[in-house]
Amino acid sequence: MALKSSPLVQGVLTPKVVGALLVGLLLGTLVFGVVLPSSARGAASSGAYQRPYPLPHQYWARTDEFYVFASGGQQGGLYVYGVPSMKYLSEIPIFNPDQAWGWTPEEPKVRKMLTNPWTEEVVTRGDTHHPSLSRTNGVYDGRWLFINDKLHPRIARVDLDTFRTGQILWLPNGNGGDHGLSVSPNSDLLVQNFEHEQVPDPAITQHLGLTVDLLKGPYVGAFSGVNIASDGAMSNAWQVWGPWGFDMVRIGWGKSDGWIVSTSYNTERALSAVPMFARDHDYAFFWNIASIRKAVADGKYVTTKQAPDVPVVSWKDVEVYVTPIPLNPHGIDISPTGKYVMTSGKATTLVVAIDFEKTLEAIQNKRFIGDDFGIPILDPDAVRAATMDLGMGPTHIEFDNQGYAYVGFFVDSDIKKVPLGEPYTRLHNKEPWKVVDVLPAHFSVGHLLVPGGDTAQPYGKYVISMNKLTKDTFLPHGPLESENHELYNIEQVPAQLIDQMPLGPETHYSQAIPASLVAPRVKTTYTEARAVAAEKPRVEYDYAAREVRVHMTVVRSFFTPDAFTVPEGWKVKTRLVSQETAMDISHGFALDGYNLSVSLDPGEVKDVEWVADKPGVHWFYCIWFCSELHMEMRGRAIVVPQADWTPDKETHLAS
């Protein structure tokens, strides 16, 4: 239609009106550009990047530099968002069922992963804490992410080509309370600490030579070694047990290659909080990995009935040293060259930097000041590069690519930037171990991250503060508010706050990886459906097994078959095959009257099992708005009362 024939143009957009609009637009531009501050324009206040308006297609896909994988705590999985946009992308369900993302125990594969292999209980609660991305030569490689469950003794591998859990490995000989987790520089070994002390199998306590009283304690602790195969498959390798529980852990690289470093905040072996402060220090531990493997090879281990193939080694039979560190430590982190091991005391204002080269020299020269349970205690003066008094409640430390450490403070609600010593002084040309910048946070820094900040080659550029308290930052949303993730630009001093985002409970640790390492690997569709493409939709009845097996194809906007019958009390095994080949077109299968709902991504094959114990007509339908005919995409599962069933009621596809 020509413009001159449009009633809207003829009746409204007169030359006078058009002129007024142009003047208004000009005045608005001047007011917006001159009067309003830059922070009100919807652009990043730091100038790190400008958001155009209107936003062009794929703007965020092209401008986001990093994926962030943030642990969800009691949410049981991971959150994923982009940086610098701070745009939430997805969740990765792991230890908890998640209907929204298609992770439910109705699917046998998921059910098996969530099932405790020793009790056969389907465990549907979890507590994710410390993600650790796979690496090659100490640098992220974009293949997998590993993460622990603190509530139960298990760890998971997330495959970064699908953003879904590929394996859950259960750890024997413990009830849970697992905390720190770390992957080796070439992703062939994983170490998982038992934070909560245990009352283990009597074979273990007898091997340790320690007495454990069920009521009075003190109990004993451990860490597990897990082998990682070239395809990412995990298997239990060994366990080391000793008198203490262990909190955080790192597997070294570079100068610290071949060693595991860990902490304990309860070297008092106390059973409640106050007695855990009885000493004026706690310990950092240095475990020689080769000595653990040698103890296993030499047969210096026991096994348990629960895990007869997992060697349990005593701390007395491996090479291990300790050194005093500030009271009740949490984070223990390793600088990019592996030279400095930094830790802090939550109950103090102190942060220490341990020089690993000095540590090895002290071991060789036997610079010991005593022992504890037979473990030599390294003289702190012989191993420390610095002892810094920086503020209240220090927790984790991250590193950038310019030779700086960033220390988070829970009580002070800030992050302090500290120059490292040699060989980094040539990068920053600053006096080491003195604060050069303070990043105020809102409020109470739990953890923090620098992209690649726990690797041999950090990417720098940004710091994200994971704040436990939000208070008045966002619109009120109840007495319990979301956490606050704050993004800072650290390429300038002082660092500037770029953005903030609310995120649900409860991030303990996060890692950020360049989008260029992950995005090219991500599948747009699954390929499983191609393998079963030749299978025809059908319904099969097995009277001996009392099962109905439904082979169903799913595509916009049809289930085939869209009706089947089943005798009351029989098991129904449904194989769903998505025939979609287009990215982002998901379907689902939800059955009314039953607690059953699964999601089906493009090209995916899923098996669903349920017992038909409710006679009547039960509609199944698609749970994703997949097309204009989404509402019509449904079918019937007809459960026939057992007394009324006869074989002639079988439902078959029309030929």
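Structural descriptor for segment 191-293: relative contact order 23 percent, calculated from alpha carbon pairs under 8 angstrom and at least 6 residues apart. Can you tell me the relative contact order of the chain? Whole percent, Cα pairs under 8 Å, sequence separation 6 or more. It comes to 10 percent, rounded to a whole number. Which percent of Cα pairs goes in each bin when the distances of segment 578-624 are cut into 5 angstrom slices starting at zero? Distribution as computed: 5, 20, 27, 21, 13, 9, 4, 1 percent.
In this structure the amide hydrogen of Glu319, modeled in the peptide plane, comes within under 5 Å of the amide hydrogens of Asn288, Ser291, Ile292, none closer than 5 places in sequence on its chain. Just to confirm my numbers, what's the Cα centroid distance between segment 273-316 and segment 333-375 in Å? A separation of 19 Å, based on Cα centres.
Could you calculate the FRET efficiency of Tyr59 with Arg556 from 1/(1 + (r/R0)^6), where r is the beta carbon distance between them and R0 is 45 Å, rounded to 0.05?
Numbers: r = 28 Å, r/R0 = 0.63.
The computed FRET efficiency comes out at 0.95.
Apply 1/(1 + (r/R0)^6) to the Cβ-Cβ distance of Val411 and Ala582, taking R0 = 60 Å, and write down the FRET efficiency to the nearest 0.05. Display every interim value, and only then the final one.
Values: r = 52 Å, r/R0 = 0.86.
Efficiency, rounded to the nearest 0.05: 0.70.
Let me test this: with uniform point scatterers at the alpha carbons of segment 102-172, what is the Debye-based log₁₀ I(q)/I(0) at q = 0.28 1/Å? Computed log10 I(q)/I(0) values: -1.35. Using a 7 Å offset from the Cα along the Cα-to-Cβ direction at both Asp607 and Lys300, what is the distance between the two label points in nm, to one decimal? Spacing of the two 7 Å Cα→Cβ label points: 4.5 nm. I'd like the distance between the alpha-carbon centres of segment 534-557 and segment 574-617, rounded to an integer number of Å. Cα centres, segment 534-557 to segment 574-617: 12 Å. Charge dipole (Cα centre; +1 on Lys/Arg Cβ, -1 on Asp/Glu Cβ; no other charges) of segment 169-265 amounts to roughly 160 debye.
Which length gain, in nm to one decimal place, applies between Arg549 and Asp379 when the Cα-Cα distance is subtracted from 0.36 nm times their residue separation? Let's see the in-between values first.
On the way: separation 170, 0.36 × 170 = 61.20 nm, distance 6.84 nm.
Stretched fully, the Arg549-Asp379 segment lengthens by 54.4 nm.
Quick one: compute the contact order of segment 238-359, relative version, from alpha carbon pairs under 8 angstrom and 6+ residues apart, as a percent. Mind showing how you got there, number by number?
Working: 262 pairs, mean separation 32.3, N = 122.
Value for segment 238-359: 27 percent.
Close amide H contacts of Val611 (hydrogens built in the peptide plane, cut-off under 5 Å, sequence separation of 5 or more or a different chain): Val572.
Inter-label distance, Asn116 to Lys434: 5.6 nm, where each label sits 7 Å from its Cα along the C-beta direction.
Pairs exceeding 24 Å between alpha-carbon atoms, taken from Lys109/Lys305; Lys112/Lys150; Lys339/Lys461: Lys109/Lys305. Selection among Gly77, Leu576, Met342 by position relative to the dipole of the chain gives Leu576 as farthest towards the positive end (Cβ unit charges, Cα centre). Taken along its principal axes, the alpha carbon cloud of segment 314-466 reaches lengths of 45, 33, 27 Å, longest axis first.
For Lys614, a cut-off of 22 angstrom between C-alpha atoms picks up these lysines, skipping any fewer than 8 places away in its own chain: Lys571, Lys573, Lys649. Compute the distance from the alpha-carbon center of segment 466-487 to that of segment 424-461, in whole Å. Measuring centre to centre over Cα atoms gives 23 Å. The fraction of all Cα pairs in segment 178-382 landing in successive 5 Å bins from 0 to the largest distance is 1, 7, 15, 20, 22, 17, 11, 5, 1, 0, given as whole percents.
On the basis of the beta-carbon distance and an R0 of 30 Å, Thr527 and Tyr88 show a calculated FRET efficiency of 0.60. Remark: spin-label model distance Trp624-Asp542 equals 2.9 nm, labels positioned 7 Å along the Cα→Cβ axis. For segment 78-84, backbone phi angles converted through the Karplus equation (6.51, -1.76, 1.60; θ = phi - 60°) give residue-by-residue couplings of 10, 9, 10, 8, x, 9, x Hz, Gly and Pro being listed as x.
Derived scalar couplings between HN and Hα for segment 134-142 equal 5, 9, 10, 6, x, 10, 3, 10, x Hz in order, rounded to whole Hz, by the Karplus curve 6.51 cos²θ - 1.76 cosθ + 1.60 (θ = phi - 60°), x for Gly and Pro.
What is the extension gain from Ala278 to Glu491, computed as 0.36 nm multiplied by their sequence separation minus the C-alpha to C-alpha distance, in nm to one decimal? Write out the running numbers ahead of the final one.
Working: separation 213, 0.36 × 213 = 76.68 nm, distance 4.24 nm.
That works out to 72.4 nm of additional length.
Average projection, convex hull of the Cα set of the chain: 39.3 square nanometres. Per residue, the convex hull spanned by the alpha carbons of segment 390-505 comes to 94 Å³.
Length gained on full extension, Thr425 to Ser235, computed as 0.36 nm times the residue gap minus the Cα-Cα distance: 64.2 nm. With the highest mean first, a sort of the peptides 582-590, 322-330, 294-302 on other beta-carbon atoms found within 10 angstrom per residue produces 322-330, 582-590, 294-302.
With the gyration tensor restricted to C-alpha atoms of segment 528-649, the semi-axes of the equivalent ellipsoid amount to 25, 16, 11 Å, longest first.
Read-outs throughout are calculated quantities, based only on the coordinates presented, and are distinct from any laboratory measurement. All of these numbers come straight from a predicted model, not from anything done at the bench. Every residue, glycine as well, gets a Cβ built from its backbone with ideal geometry; the counts of neighbours run over all protein chains shown.
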